[in-house]
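Some notes on the structure that comes next.
The values are calculated or read from the model by the stated rules, or taken from the named source; none is laboratory data. Since the model is a prediction, treat every value here as computed from it, not as a measurement. All Cβ positions, glycine included, derive from the backbone under ideal geometry; neighbour counts span all protein chains shown. The protein model used for the area step is the full one, side chains on, heavy atoms only, and it has no ligands, DNA or RNA in it. Shrake-Rupley method; radii C 1.70, N 1.55, O 1.52, S 1.80 Å.
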Amino acid sequence: MAKKSLPLSEVYRLIEPGPVVLVSTMSGKKANIMTMSWHMMVDFEPPIIACVMSNRDYSFDALKKTKECVINIPTVELAKKVVACGNTSGKDIDKFKKFGLTPSAAACIRAPLIDECYANLECKVIDTKLATKYNIFILEVVRAWIDRSQQHPRTIHHQGNGRFVVDGETIKLPSKMK
Ligand SMILES: Cc1cc2nc3c(=O)[nH]c(=O)nc-3n(C[C@H](O)[C@H](O)[C@H](O)COP(=O)(O)O)c2cc1C
């Protein structure tokens, strides 16, 4: 087997699950958006999600303070804006205005939904025990929205270094996992 050593700093590129999401927060009157791909499901119902948010991000303080966010799921049509939200900070700009994204009111929390995304998950932070050591927040989804008119929403999946895979072919197998 002609495999070569892979630098440990690139391991995440193999495991990264995607889809890349946009996390919106509302701190005081300031709404903000950040791009995120380090997240995973923890439980089915209520849905629990773990995510890693760097403490260098403006969103980190907003999430720690308000304990609320929306995980918005974009499709490939929004890819350039998704990357732009990940390359800029809410410290410096209003990303909703700058990137032409539309905030709309959530049902259960103050953080806004991003209208252009095909699904939106309203989340509350339920555990911050790992936030100091690993920047990990445990979120419970308290309300979920989906645009069912989009039959094949093509999400984007991060491979690192500016590369993304666009969701494509679907195959069906007799899996016991619902
Ligand atoms: C494709 C992509 C995925 C990203 N995933 C994460 C992530 O999972 N966690 C994280 O802390 N930052 C992630 N980032 C970086 C943040 O989005 C970036 O630091 C952003 O500027 C933070 O915005 P803020 O300062 O307004 O909070 C990602 C960026 C990109 C482009």
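Residues that are closer than 30 Å to Met177 by Cβ and part of a loop (DSSP other than H, G, I, E, B): does the range 83-93 have at least one?
no
Does Val42 qualify as being touching a residue at least 40 places away in the same chain (Cβ under 8 Å) and closer than 24 Å to Pro103 by Cβ?
Values: touching a residue at least 40 places away in the same chain (Cβ under 8 Å): yes; closer than 24 Å to Pro103 by Cβ: no.
When the stated conditions are applied, Val42 does not pass them.
Do we have Lys124 as in contact with a strand residue (DSSP E or B) (Cβ under 9 Å, 6 or more places away or on another chain) and open to solvent by less than 90 Å² (accessible area, probe 1.4 Å) here? Steps first, answer last, please.
On the way: in contact with a strand residue (DSSP E or B) (Cβ under 9 Å, 6 or more places away or on another chain): yes; open to solvent by less than 90 Å² (accessible area, probe 1.4 Å): yes.
So Lys124 passes the test.
Residues are listed down the side, and each one gets a yes or a no for (1) closer than 20 Å to Val141 by Cα; (2) near the ligand (Cβ under 10 Å from one of its atoms); (3) open to solvent by less than 80 Å² (accessible area, probe 1.4 Å):
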| site | (1), (2), (3) |
| --- | --- |
| Leu22 | yes, yes, yes |
| Met53 | yes, yes, yes |
| Val76 | no, no, yes |
| Ser89 | no, yes, yes |
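Can you name the condition, by its number, that Val70 falls short on among (1) out of contact with any Pro (no Cβ under 8 Å at 6 or more places or on another chain); (2) under 23 Å from Asp167 (Cα atoms); (3) more than 13 Å from the ligand (Cβ to nearest atom)?
All conditions pass for Val70, except number (1).
For residues that are within 16 Å of the ligand (Cβ to nearest atom) and outside any strand (DSSP E or B), scanning just the range 32-51, find the one that is least open to solvent (accessible area, probe 1.4 Å). Step through it out loud before you land on a result.
Start the filter on the range 32-51 by keeping residues that are within 16 Å of the ligand (Cβ to nearest atom), which leaves 32-42, 49-51.
Narrowing further to those that are outside any strand (DSSP E or B): 37-38.
Working: Ser37: 18, Trp38: 125 Å².
Selected residue: Ser37.
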